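Here's the structure, in structure tokens; my notes come after.
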Amino acid sequence: MEGNNNNSVELDEDKKSDQRSNKDEILSWIKVILSALLIAIVLRTFVFQMALVNQISMEPTLHGGQMLVISKINYLTGDPQRGEIIVLKDESENKLLIKRVIGLPGEKIQLKDGKVYINGKELQPDYTASPSYAYTQDEWTLPEGKYFALGDNREHSRDSRDESVGMVDRDKIIGRAVFRIWPFNKLGALK
């Protein structure tokens with residue numbers, strides 16, 4: 001009978017050992033999943049995010065249905081520069097807009113004869129083939145922390161010319177569009 005008792009005790013210890021191993025395995029997986037979620041949240045909050053183009057205001061540079069990688073880290077360490085494609089918060093319509101930085105803080109922007117002038121000099125390159133006409137005003141002086149952003153499809157773009165967007169606050173700029181990942185035949189860095 002003693003032999004049977006020892007076998008029973010060994011079986012009980014094996015079950016307990018298996019249960020501990022299962023618990024350790026589950027805890028290990030929970031730690032991995034939580035770590036991955038934390039890394040994803042940090043990356044999405046501070047480093048990059050994806051954006052879907054669903055407007056025509058940046059044609060022919062960007063088209064509806066294209067998927068972009070937006071770098072947030074560029075503007076944690078520096079400021080937007082002329083010509084960069086940015087994503088900004090449009091609080092009037094509670095959505096994101098994709099535009100190109102045209103005017104920088106301290107500059108005077110003027111729209112005249114379908115062209116953009118910065119501090120009296122014509123913008124070169126102009127990033128568009130369409131004319132740049134004013135909506136309600138044709139001249140802006142940008143204070144510190146404000147940017148002037150236009151769509152490349154100037155005839156069909158709600159941008160800094162429109163009072164609902166206006167001069168863009170630095171803190172409304174989410175990041176810089178740096179890479180197109182969809183469609184695959186257009187894969188590559190943005191200019």
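The values are calculated or read from the model by the stated rules, or taken from the named source; none is laboratory data. Fair warning: this is a prediction, and the values are worked out from it, not measured in the lab. Every residue, glycine among them, receives a Cβ derived from its backbone with ideal geometry; neighbour counts consider all protein chains shown.
A few notes on this one:
- Identity of the residue in segment 152-188, among the polar types (S, T, N, Q) and at pLDDT below 90, that ends up nearest to E91 (Cα to Cα): S164
- R82 within 25 Å of L52 (Cα to Cα), of a type in the set (K, R), part of a loop (DSSP other than H, G, I, E, B) and modelled with pLDDT of 90 or more: yes
- Criterion: modelled with pLDDT under 90 and loosely packed, with under 10 Cβ neighbours inside 10 Å - qualifying residue of N54, N74, N4, N22: N4
- Exactly one residue out of A134, A129 is assigned to a loop (DSSP other than H, G, I, E, B), hydrophobic (A, V, I, L, M, F, W, C) and either exposed (fewer than 13 other Cβ atoms within 10 Å of the Cβ) or within 17 Å of the chain's Cα centre (by Cα) (or both): that is A129.
- I98 vs. criteria in the same structural domain as Q137 (by TED's automatic domain parsing) and more than 10 Å from the chain's Cα centre (by Cα): no
- Matching residues in segment 137-146 - criterion: being in a loop (DSSP other than H, G, I, E, B) and not hydrophobic (A, V, I, L, M, F, W, C): Q137, D138, P143, E144, G145
- Scanning segment 169-191 for residues that are part of a strand (DSSP E or B) and either under 16 Å from Q137 (Cβ atoms) or of a type in the set (D, E, K, R) (or both) gives D169, R176, R180.
- Check on V69, in contact with a Phe, Trp or Tyr (Cβ under 7 Å, 6 or more places away or on another chain), modelled with pLDDT under 90, in the same structural domain as R176 (by TED's automatic domain parsing) and not in a loop (DSSP other than H, G, I, E, B): yes
- Qualifying positions in segment 115-124 - in a loop (DSSP other than H, G, I, E, B) and without any contact (Cβ under 8 Å) to a residue 12 or more places away in the chain: Q124
- A149, sole failed condition from (1) assigned to a strand (DSSP E or B); (2) surrounded by fewer than 22 Cβ atoms within 10 Å (Cβ to Cβ); (3) not polar (S, T, N, Q): (2)
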